[in-house]
Amino acid sequence: MSKIFFTDLDGTLLTKEKKVSPATMDALKRFTAAGNHFAISTGRALDSAKAVQLENDLFFPGSYLISFNGSEIYDCDTKKDVYRTGVPFDLVPQIFALAREHGIHCHTYNDEKLISPAEDEELSYYRRVIHTPYIITDDICSELTDVPCKIIGIELHDKEKIDRFKDEVDKLGNGRITTLYSNPYYLEIFNSEAGKGSAVTRLADHLGISYKNTIAAGDEENDVSMIKAAGIGVAMMNAVPMVKEAADIITETDNNNDGLVSILLNNI
C-alpha cells in the first residue's frame, strides 16, 4: 500500500536557511521512489509553496501542494486543484474592518497577488521570506475574483492586541471560520471546512489510501490538526509544546539537523 507524507515547510522540512538538507533530500527520493506520495502542507500561498518546490527541486511523481492551511490542494502532475475553499465573501470586509479597529495588519490573496490595505512594517516583515507580488488598496474585495483562501493578521509587538482581535474574529465567524497561530506573530484566518487536518483526510480519500498509511510532520499550532488526523503524527524536536502533545513521535533532532530522515526511511 502506498503512503503519503505530509510536511510543513518552515521549522519542519526546511532548515533555517530555507533549504532542504542533502540527507533529507536523499530520504525523500528513497521514500517516493518506493511508490509513496509527497505533500507539502503549508500556511503559505500556492505560489510561495511552488517557489520552495522549485528552489529545492522537490519534484517527485505523485506530489501535491497543500496551501493556505488546507484551503487549496494542488496536484503537481495534472497542475490542477483537487480542492479549494475560502473565507466567505460576506465576512471579508467585516474582518478587515475589525483589523482597522484593533490596529492589526491584515492582508489576503487572489490567484496572483497579495492584497493589503497598507504597506507597513508587518508587510515588510512578511515579505522577507514570502516574495509574492502585492497590491495596496483600501477596497480589498475589488481585487478578489473568488473567495480568498485565507486572511492573515500580523502583529509584531503586542501579543495581547492580536489575541483580542482573534477573539472578535471568532465571534464574527460564529463557527464558519477558523483562527489559529502559525507562529507567535501570524494569525491565520480560513474557512472552517479547511485546515491541514481536513487536507489529510481529503487527499487520502482522493487517492484511495488508508488513513493509517498517512504520516504528517510539523512544528507549530497550525500543524496540530494534521498531526492528529494522520496515522503517524510527527512533532519536530523544535516544535511548540502543543504539537509535541498531539504527536505520536517526536524527532530526535530538529529541522536544522535532518530531523525527518529517520521518519522517512522507517516508513518506506
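Bear in mind that the values in this text are calculations on the coordinates, not laboratory data. What you see is a predicted model; the values in this text were computed from it and never measured. Quick reminder, even Gly has a Cβ in these numbers, built from the backbone with ideal geometry, and neighbours come from all protein chains shown.
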The chain: most fluctuating residue of 218, 175, 233 per GNM, C-alpha cutoff 10 Å: 175
Using alpha-carbon coordinates, inclination of helix 92-102 to the longest axis of the chain, degrees: 70
Give the separation of the Cα centroids, the stretch 143-209 to the stretch 2-81, in Å. 20
Taking amide H atoms as placed 1.01 Å from N in the peptide plane, list the residues 5 or more away in sequence, or in a different chain, whose amide H sits under 5 Å from that of residue 180. 188
Using only Cα atoms and rounding to the nearest 10 degrees, what angle (0 to 90) does helix 46-55 make with the longest principal axis of the chain? 40
Take every Cα pair under 8 Å in the chain that's 6+ residues apart, average their separations, divide by the length, and report that relative contact order as a whole percent. 21
Give me, ordered by chain and number, the residues 5 or more places off residue 37 or on other chains with an amide H under 5 Å from its own placed amide H. 3, 4, 5
Taking a ≥ b ≥ c as the square roots of the eigenvalues of the Cα gyration tensor, with a/c under 1.5 meaning rounded and otherwise prolate when a/b exceeds b/c and oblate if not, the stretch 89-191 is oblate
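Given the Cα-Cα distance of residue 210 and residue 111 and 0.36 nm per residue of separation, how much length would full extension add, in nm?
Separation in residues times 0.36 nm, less the Cα-Cα distance, equals 32.5 nm.
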Please identify, among 15, 42, 145, the residue showing maximal mean-square fluctuation in a Gaussian network model of the chain using a 10 angstrom Cα cutoff. 145
Model label zone, residue 75; criterion: amide N under 16 Å from point 7 Å along Cα-to-beta-carbon; scope the stretch 181-200: none
Once you have the Cα-Cα distance between residue 228 and residue 174, take 0.36 nm times their residue separation minus that, and quote the gain in nm to one decimal. 17.1 nm
When the chain is treated as a Gaussian network with springs between alpha carbons less than 10 Å apart, the largest mean-square fluctuation among 142, 116, 198 is found at 142
All aspartates and glutamates inside 17 Å of residue 79 as judged from Cα atoms, apart from same-chain residues fewer than 8 positions distant: 47, 57, 111, 112
